[in-house]
1. Within the stretch 415-422, identify whether any single residue is open to solvent by less than 50 Å² (accessible area, probe 1.4 Å), more than 23 Å from Arg96 (Cα to Cα), in a helix (DSSP H, G or I) and in contact (Cβ under 8 Å) with a residue 12 or more places away in the chain, and answer yes or no.
2. Hey, among the residues in the stretch 194-216 that are in contact with an Asp or Glu (Cβ under 6 Å, 6 or more places away or on another chain) and assigned to a loop (DSSP other than H, G, I, E, B), which one's least open to solvent (accessible area, probe 1.4 Å)?
3. Can you pull out every residue in the stretch 228-260 that is of a type in the set (Gly, Ala, Ser), modelled with pLDDT of 95 or more and open to solvent by less than 50 Å² (accessible area, probe 1.4 Å)?
4. Any idea which residue in the stretch 89-109 is farthest from His457 (Cα to Cα), counting only those that are in contact (Cβ under 8 Å) with a residue 24 or more places away in the chain and surrounded by fewer than 17 Cβ atoms within 10 Å (Cβ to Cβ)?
5. Considering only the stretch 136-151, state which residues are of a type outside the set (Ser, Thr, Tyr), surrounded by 11 or more Cβ atoms within 10 Å (Cβ to Cβ) and within 27 Å of Gly186 (Cα to Cα).
6. Give the residue, chosen from Gly108, Gly33, Gly91, that is within 30 Å of Arg455 (Cα to Cα) and either among the aliphatic types (A, V, I, L, M) or modelled with pLDDT under 80 (or both).
7. Among the residues in the stretch 220-235, are any in contact with an Asp or Glu (Cβ under 8 Å, 6 or more places away or on another chain), within 30 Å of Gln154 (Cα to Cα) and touching a residue at least 60 places away in the same chain (Cβ under 8 Å)?
8. Filter the stretch 345-368 down to the residues that are over 25 Å from Ser518 (Cβ atoms) and aliphatic (A, V, I, L, M), then identify the one that is most open to solvent (accessible area, probe 1.4 Å).
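The values are calculated or read from the model by the stated rules, or taken from the named source; none is laboratory data. Note that the structure is predicted; figures quoted are calculated from it, not measured. When we count neighbours, we look across all protein chains shown, and the Cβ atoms used for this are built from the backbone with ideal geometry, even at glycine. Side chains included, ligands, DNA and RNA excluded: accessible areas come from the protein's heavy atoms. Shrake-Rupley method; radii C 1.70, N 1.55, O 1.52, S 1.80 Å.
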Amino acid sequence: MGRQVRMLRFFLGASVLVTGALVTLAAVLGGPGWWALLAVLALLLALGIWDVLQRRHSILRNYPVLGHMRFLLEGIRPELQQYFIERNFDGRPYDRDTRSIIYERAKGIHGEQAFGTERDVNAIGYEYLVHSSRPLDTPEHPHRVRIGGPDCTQPYDMSLLNVSAMSFGALSANAILALNAGAAKGGFAHDTGEGGLTKYHLEHGGDLVWEIGSGYFGARTKDGDFDPDMFRDKAAHDHVKMVSLKLSQGAKPGIGGVLPAAKVSKEIAEARNVPQGEKCVSPAYHRVFSTPRELVHFIARMRELAGGKPAGFKLCVGSRTDVLAICKAMVAEGITPDFIIVDGAEGGTGAAPLEYEDHVGSPLTEGLLTVHNALVGAGLRDRVRVGASGKVSTGVDIVKRLIQGADYTNAARAMMMATGCIQAQRCHTNTCPVGVTTQDPRRMRALDVGDKTERVHRFHDATVAEATQVIASMGLHGPHELRPHMLRRRIDHTTTVGYDQLFEHLRPGQLLEQPPQSWLADWERADPDRFQP
């Protein structure tokens, strides 16, 4: 305390001397400039006194006025890092090269790079695709994936790249409009996210995957249960092509979401069927099922309520035992979803606790291989299509995920960047500088729907075209010919191996006949009537 008193005395004494000198000088010389300088000094004096007396920030008590420079520099640190310090290939979550290629393709620029790669191709973990000595011509029309199993009466042909789940509320109305209009123009699908089916999703006629989560927003009763009649009515809309149940998401698997009361506007309340101005909570678990067997029955019910449209679920893989338990339930009940979307732990358009973003959930590669092999081993892969989401941004990203077991891919943050996102990482603050993730009308108006519609469309078409060209460069006629050995990874400084050797791949029906030793314990532990750690 004595030091603060001495500091305050010194500060006041110095200020009095300087102020006296300036007052005398101002009186002698006159003019508004001197009085303005005196006013600034008075403000700094007041700030210094406040800094010394306040108790919240220790650095300001010891270094009045000057201490504010530390907070200023801390505030602009992300911008300094992004624009002046990080290299083109080591930024996070998306490096500069990746962001640049998204922006360039969205603007209609080809997205080429001169003078060779900046990446260390000899680094452990480096991956590359195996090209052919006799590449093929690129097909005129990109491949599409038929979604719809034996119980589906309204199958849907899916693009290789689509808009991943992002809710109205998390995204602005203008961002939703641009994404959907781009999807309509480009003929690809737009996942609504769990925030409800809104007028903004329906306005431009893009194909929709209507997702519902544990809050059942847009299809819920007043006490938060699933409302089948409301779901049936909305799922019947012509623009709704598929319906999806969210079990978990990559950014925060195992917990629900919270939309603060301040963001629950009249429009959002109507879309989610929740009270306006009250905190909107998405629970961590579902009410409609508690076992794998109940889950597959609910998926069948969703498909029936949707009039036979494809129905499936999304998850971030945790326990392999739980994935196998779901497969056992499918086999036992003779019920399969039409699709499963695997979300990687590296995904995340919304805000989440750091512990979850960094340390919970399987990365997409492991999760995708787990789901793909579990379905193959249970003899179900031909009935279920698999989608992959988690940092899909380029044509090579698409091809890699197809090799790892996906039939198609979804992108969220890359699509946000196509609408103007600059990776400011303020998505949860309602202060997005480009109007993508905010409900502030002033900020939202910065996003021009017409311009960003074209950008979303161009980004999608260029990225799918690159994926199609890469597949042709590998000497293949389409994604159905991709095989694990065509993707290789450097595992030490002298060795590279293909994915056929790096990961175990099951034969069709192998789990039902004779599970391999590496899968045996999980397969035996898996129970269709219980989820377990």
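1. No, because not a single residue in the stretch 415-422 is open to solvent by less than 50 Å² (accessible area, probe 1.4 Å), more than 23 Å from Arg96 (Cα to Cα), in a helix (DSSP H, G or I) and in contact (Cβ under 8 Å) with a residue 12 or more places away in the chain.
2. Here the answer is Gly213.
3. Our first condition is that a residue be of a type in the set (Gly, Ala, Ser); within the stretch 228-260, this holds for 235-236, 244, 248, 250-251, 254, 256-257.
Now restrict to residues that are modelled with pLDDT of 95 or more: 235-236, 244.
Selection gives Ala235, Ser244.
4. By that ranking, first place goes to Phe89.
5. Filtering the stretch 136-151 down to residues of a type outside the set (Ser, Thr, Tyr) leaves 136-137, 139-151.
Now narrow it down to the ones that are surrounded by 11 or more Cβ atoms within 10 Å (Cβ to Cβ): 136, 139, 142-149, 151.
Result: Leu136, Pro139, Pro142, His143, Arg144, Val145, Arg146, Ile147, Gly148, Gly149.
6. On the way: Gly108 fails: either among the aliphatic types (A, V, I, L, M) or modelled with pLDDT under 80 (or both); Gly33 fails: within 30 Å of Arg455 (Cα to Cα).
Exactly one of Gly108, Gly33, Gly91 is within 30 Å of Arg455 (Cα to Cα) and either among the aliphatic types (A, V, I, L, M) or modelled with pLDDT under 80 (or both), namely Gly91.
7. No - not one qualifying residue is present in the stretch 220-235.
8. The extreme case among them is Leu354.
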